[in-house]
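Just below is one structure, and these are the notes that go with it.
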Amino acid sequence: MAYLFILLSLQLGKILIMPISSKSAKKQKTAKLEVVKAPKTKPYNDIDLNNWKLYENIKTGTWWEFSAREKKNGHSYDYHGNYIPQIATQLLERYTKKGDIVLDLFFGSGTTGIEAKNLERRCIGVELKQEMVDYVSEKFTPKELVVDVNIIQGDSASAETKEKIKARLDIMGKKEAQLLILHPPYDDIIKFSDKKEDLSNCATTEEFYDLFKKVAKNGYDLLEQNRFAALIIGDKYANSRYISLGFECQRRMEELGFVTKAVIVKNITGNEKAKGKTANLWRYRALSGGFNIFEHEYIMIFQKTKLKKVKK
Ligand SMILES: C[S@@+](CC[C@H](N)C(=O)[O-])C[C@H]1O[C@@H](n2cnc3c(N)ncnc32)[C@H](O)[C@@H]1O
């Protein structure tokens, strides 16, 4: 009888204190009160800190390794240069709430959009290549393309694209995005097109940094205050020297006002298609050239926030 009474009370949205005297009945009351304890969350995600031990899947370290690329739930390895979906999963769960909008300014094959949909987030993706926009649009239903995943063909560095993003945000009921994802070309390592606006098609690496900074500036302006940005980038080796694209881009992010929160090293061995076949050739070249073969890339986390004054 006591069970039934508490059940009915909970269904009515109330906890009723009952005149129960036995020890077992007291235990019942305590257990029910725990069920209705309000979740403790931050303004930028849905992680319930009262139950933080349950989130074992969420990575909090600076070394990320995934056994294999996720190929289910709408994902496929259909674009040379796309990132593994687990990166999007980690970023979205850690830095967004359900319904939030993630802005991806190098949308490529739409990995971020697919994962946003899977996790009940929304997405605006910008991609320079029209053929990729057409191809990726096929991955979503017409309704999803309006409500959940908005895709824009354009140059993410331009003022015109920035205005288009603002208009889409407006339609989606927000003034700004809640997470920014930047996965630019790693300079000219993979050439994506012949377009002059393409970051993989710059005449010099300095020009690449300048274009990257313009895109990141648009992202900064379109991101809500106190929210996060993620930069996924690898370094390169050219003209017999190591070129630190990652740290140079990190510096540009900081110049724009972003605060670095984490620099994560991600193991890329096994996630790449091409290297396997030419592994021996690369090993020979490394031995003869005095350099080491890349086995990592970076996932850098930033926040758009005011820096607290540091004691001197
Ligand atoms: C490394 S890929 C991103 C891959 C993506 N994260 C995915 O999982 O498919 C970089 C993409 O940026 C695009 N891109 C290059 N310059 C651009 C620009 N100025 N504006 C928008 N997109 C650009 C390229 O065409 C390419 O598809």
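Observations
- Overall form of the range 126-170 per C-alpha gyration tensor (a/c, 1.5; a/b vs b/c): oblate
- Nearest-20 debye value, the range 49-303 charge dipole, Cβ charges on Lys, Arg, Asp, Glu: 580
- With a Förster radius of 35 Å applied to the beta-carbon distance between His80 and Ala159, the computed FRET efficiency rounds to 0.70.
- Between Glu255 and Ile171, the FRET efficiency estimated from the beta carbon spacing at R0 = 35 angstrom works out to 0.65.
- Placing unit charges on the Cβ atoms of the charged side chains and taking the dipole of the range 143-277 about its Cα centre, the candidate lying farthest along the positive direction among Asn150, Gly257, Ser200 is Asn150.
- Working from label points 7 Å from Cα in the Cα-to-Cβ sense, the Ile243 to Glu206 distance is 1.3 nm.
- Less than 5 angstrom separates the built amide H of Ile151 from those of Gly125, all sequence-distant by 5 or more or on a different chain.
- In sequence order, calculated HN-Hα J values of the range 143-156 (Karplus, 6.51, -1.76, 1.60; Hz; x Gly/Pro): 5, 4, 5, 9, 8, 10, 10, 9, 10, 10, 8, x, 8, 5
- Volume per residue for the range 49-303 equals 135 cubic angstrom (convex hull of Cα atoms).
- As a calculated quantity, the FRET efficiency between Ala286 and Lys196 at R0 = 35 Å, using C-beta atoms, amounts to about 0.55.
- Computed about the Cα centre, the dipole magnitude for the range 204-249 is approximately 80 debye when only Lys and Arg (+1) and Asp and Glu (-1) carry charge, each at its Cβ.
- Going by neighbour counts of Cβ atoms within 10 Å, the residues Arg251, Arg168, Arg241, Arg121 line up, fewest first, as Arg241, Arg251, Arg168, Arg121.
- Shape of the range 148-285, Cα gyration tensor, a/c cut at 1.5: prolate
- Relative contact order (percent, whole number), the range 49-303, Cα cutoff 8 Å, 6+ residue spacing: 18
Any read-out appearing in this document is the output of simple, stated calculations on the displayed coordinates, not a laboratory observation. From a predicted model like this one, the values you see are computed outputs, not experimental measurements. All Cβ positions, even for glycine, are placed from backbone atoms using ideal geometry, and neighbour counts span all protein chains on display.
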